[in-house]
Amino acid sequence: MRVLLLSGYDAPSHRRWREQLAARYPDWQWTQLSLPPRHFKWRMRGSGFLWAFEQANRLREPYDLLIATSMVDLSALRGLVPEVARIPTLVYFHENQFAYPQRKQQRANVEPQLINLYTALCADQVAFNSDYNRRTFLAGVADLLSRLPDRVPDTVLAQLHARSRVMPIPIEHDCFVPDRAPEDGPLTLIWNHRWEYDKAPDRLLNGLRRFFELCPEGKAGEPPIRVHVVGQQFRQQPPAFEALKSLLDAHGAGGAWGYVESREAYGRLLAESHVVLSTALHDFQGLSVLEAVAAGCHPLVPDREAYPEWFAPEYRYLSDPENPEFEAQAFAERLLSWCRARAQGEWLAVPDIDFLHERRWHPVYRDELIGLSRTSKI
């Protein structure tokens with residue numbers, strides 16, 4: 001089978017997804033086109049335009065299947081290269097623009113939402129990495145259609161519902177560490193996300209400030225916790241990181257800081273961590289948290305986004321995106337209760353996420369993709 005795979009904004013998680021997808025089925029012939037993860041708005045609008053002129057010959061080759069991310073302007077690409085419209089197509093949503101949080105200074109922009117909508121309507125199947133992603137996309141489309149001035153087709157939502165399904169990014173076998181023995185020493189936390197505003201480092205800062213207010217120093221002056229703060233960094237970073245480092249240093253609780261270059265070094269950090277944290281306002285699957293849980297970490301995550309799909313209530317703290325102070329208190333109280341429980345030997349079990357193991361999802365992906373490729377569009 002010949003497969004054309006298009007990644008319009010090839011962020012590290014998107015690149016990893018497409019490379020693993022191709023490696024999973026090595027007997028298929030893969031042609032992969034991707035664009036660097038910069039100039040987001042231009043990538044959303046310009047991906048189809050750029051490829052139509054730069055890769056026209058490759059796009060016109062005979063393919064059995066097209067897989068495109070939701071960052072691809074598929075409607076423009078089909079218009080400029082009509083041969084693409086004849087290929088059975090799956091669009092994969094790592095995220096959707098209807099549920100993506102905006103900075104306060106940003107103006108609402110409907111164009112990325114329309115590109116998501118048009119691209120989904122061009123697809124024969126639409127896959128989402130979580131049900132939260134699927135639900136917020138469909139709800140966002142319904143809201144958008146209700147606000148358009150006139151002549152809105154009444155079959156749009158029904159079509160999207162019919163062709164939508166949930167296909168999480170599988171967790172690789174190598175990520176799973178069975179029966180990991182608990183580490184000694186202070187309770188060690190890891191926050192392992194992109195250093196951007198949508199991952200809410202300000203909420204991590206507020207939660208830890210409140211925790212240190214509630215929690216006295218450990219025995220013999222030892223800090224009650226140690227915190228690793230790692231992840232992809234950018235030239236511009238939210239100011240919360242500087243304040244966060246000062247806070248951790250002041251309490252002697254600082255651990256690893258910044259981007260971890262090697263997979264092996266990152267794996268060692270996960271192995272010594274007891275808890276993986278999320279404070280994010282944007283996690284459509286929460287892959288970095290899930291991988292840490294597979295490695296033996298306990299998740300401490302907000303009660304929103306995709307997390308209620310993966311984890312029971314005891315691993316989630318009450319959240320309110322509109323009330324950071326409430327959320328900081330809930331985060332700190334849950335973390336303090338975990339510190340006390342661990343000290344008393346009443347530690348929670350690590351949740352089982354074997355349902356996301358790659359061995360369960362490889363056959364699902366294979367059957368979906370082969371079945372779609374056999375759909376004639378001539």
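The values are calculated or read from the model by the stated rules, or taken from the named source; none is laboratory data. Computed from a predicted structure; not experimentally measured. FYI the Cβ positions are ideal-geometry reconstructions off the backbone, even for glycines, and counts take in every protein chain you see. These area figures cover heavy atoms from the full protein model, side chains too; ligands, DNA and RNA do not enter into them. Shrake-Rupley method; radii C 1.70, N 1.55, O 1.52, S 1.80 Å.
Between Asp352 and Glu61, what FRET efficiency comes out of the Förster formula 1/(1 + (r/R0)^6) with R0 = 35 Å and r the beta carbon distance, rounded to 0.05? Each step should come with its number before you reach the end.
Values: r = 44 Å, r/R0 = 1.25.
Step by step, r from the Cβ atoms, then E = 0.20.
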Among Val227, Val84, Val177: highest mean-square fluctuation, GNM of the chain, C-alpha pairs under 10 Å: Val177
The answer for Gln29, listing residues at least 5 apart or on another chain whose modeled amide H is closer than 5 Å to its amide H, is Arg2, Val3
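Give, rounded to the nearest 20 debye, the magnitude of the charge dipole that the chain has about its Cα centre when Lys and Arg contribute +1 at Cβ and Asp and Glu contribute -1 at Cβ. Before the final figure, lay out the partial values.
Numbers: 44 positive and 48 negative charges, 245 e Å.
With Lys and Arg at +1 and Asp and Glu at -1, about 1180 debye.
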With a 1.4 angstrom probe the carbon and sulfur portion of accessible area for the range 1-90, in percent, totals 51
Between the modelled labels at Arg180 and Arg235 (7 Å from Cα along Cα→Cβ) the distance in nm is 3.6
Applied in sequence order to the range 74-83, the curve 6.51 cos²θ - 1.76 cosθ + 1.60 (Karplus, θ = phi - 60°) yields integer Hz couplings, x standing for Gly and Pro, of 5, 5, 5, 4, 5, x, 7, 10, x, 4
Of all accessible surface on the range 290-378 at a 1.4 Å probe, what whole percent is carbon and sulfur? 51
Residues meeting the amide H criterion for Gly231 (H placed from the backbone, H to H distance under 5 Å, 5 or more places apart or on another chain) are Gly258, Tyr259, Val260
Between Glu54 and Lys245, Cβ-based FRET efficiency (R0 41 Å, step 0.05) works out to 0.45
Where does each of 143-152, 273-282 land if you order them by average Cβ count within 10 Å, highest first? 273-282, 143-152
Treating only the Cβ of Lys, Arg, Asp and Glu as charged (+1, +1, -1, -1), what charge dipole size does the range 63-137 show about its Cα centre? Round to the nearest 20 debye. 380
Put a dot 7 Å past each Cα toward the Cβ at Asp131 and Ile370; how far apart are the dots in nm? 2.8
Pick the calculated Cα extents along the principal axes in Å for this structure from (1) 97, 54, 47; (2) 80, 47, 43; (3) 75, 48, 36? (3)
For the pair Val156 and His39, what calculated FRET efficiency results from E = 1/(1 + (r/R0)^6), where r is the Cβ-Cβ distance and R0 = 35 Å, to the nearest 0.05? 0.75
Of Ala158, Leu59, Val3, which is farthest along the charge dipole of the chain in the positive direction, counting Lys and Arg as +1 and Asp and Glu as -1 at C-beta? Leu59
Gyration tensor over alpha-carbon atoms, the range 27-106, equivalent ellipsoid semi-axes in Å: 25, 14, 11
Which listed residue (Ser319, Val350, Leu300) has the Cα farthest towards the positive end of the charge dipole for the range 281-363, taking +1 on Lys and Arg C-beta and -1 on Asp and Glu C-beta about the Cα centre? Val350
Please give, to one decimal in nm, the separation of the simple spin-label points placed at Asn323 and Glu213, each 7 Å out from Cα toward the Cβ. 1.6
Using the Karplus equation 6.51 cos²θ - 1.76 cosθ + 1.60 (θ = phi - 60°), what ³J(HN,Hα) coupling, rounded to whole Hz, does each residue of the range 113-123 give in order, writing x for Gly and Pro? 5, 5, 5, 4, 5, 5, 5, 5, 5, 6, 8
Between Val276 and residues 5 or more places away or on another chain, which pairs have amide H atoms under 5 Å apart, with H built 1.01 Å from N, and which residues are they? Ile190, His298, Leu300
Estimated vicinal HN-Hα couplings, Hz - the range 143-154 in sequence order (Karplus 6.51, -1.76, 1.60; Gly, Pro = x): 5, 4, 4, 5, 9, 6, x, 6, 6, 8, x, 8
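How large is the charge dipole for the range 74-194, taken about the Cα centre, if only the Cβ atoms of Lys, Arg (+1) and Asp, Glu (-1) carry charge, to the nearest 20 debye? Mind showing how you got there, number by number?
Details: 13 positive and 13 negative charges, 122 e Å.
The calculated dipole for the range 74-194 is roughly 580 debye.
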Rounded to the nearest 10 Å², what accessible area does Lys199 have for a 1.4 Å probe in the complete protein model? 20
From the residues Pro36, His251, His14, which one has its Cα farthest along the dipole of the chain in the positive direction, the dipole being from +1 and -1 charges on Cβ of Lys/Arg and Asp/Glu about the Cα centre? Pro36
Seen from all sides and averaged, what is the projected area of the convex hull of the Cα atoms in the range 228-378, in nm²? 13.2
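Quote the convex hull volume per residue of the range 1-150, based on C-alpha atoms, as a whole number of Å³. Don't jump to the answer; show the numbers that get you there.
Values: hull volume 18.2 nm³, N = 150.
Per-residue hull volume (Cα only) is 121 Å³.
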The answer for the range 170-296, accessible area per residue at 1.4 Å probe in Å², is 45
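Rounded to the nearest 500, what is the 222 nm mean residue ellipticity of the chain from helices alone, with -39500 (n - 2.57) per DSSP H run of 4+ residues and division by all residues?
Details: 14 runs with 159 residues, N = 378.
Here the helix-only value at 222 nm equals -13000 deg cm²/dmol.
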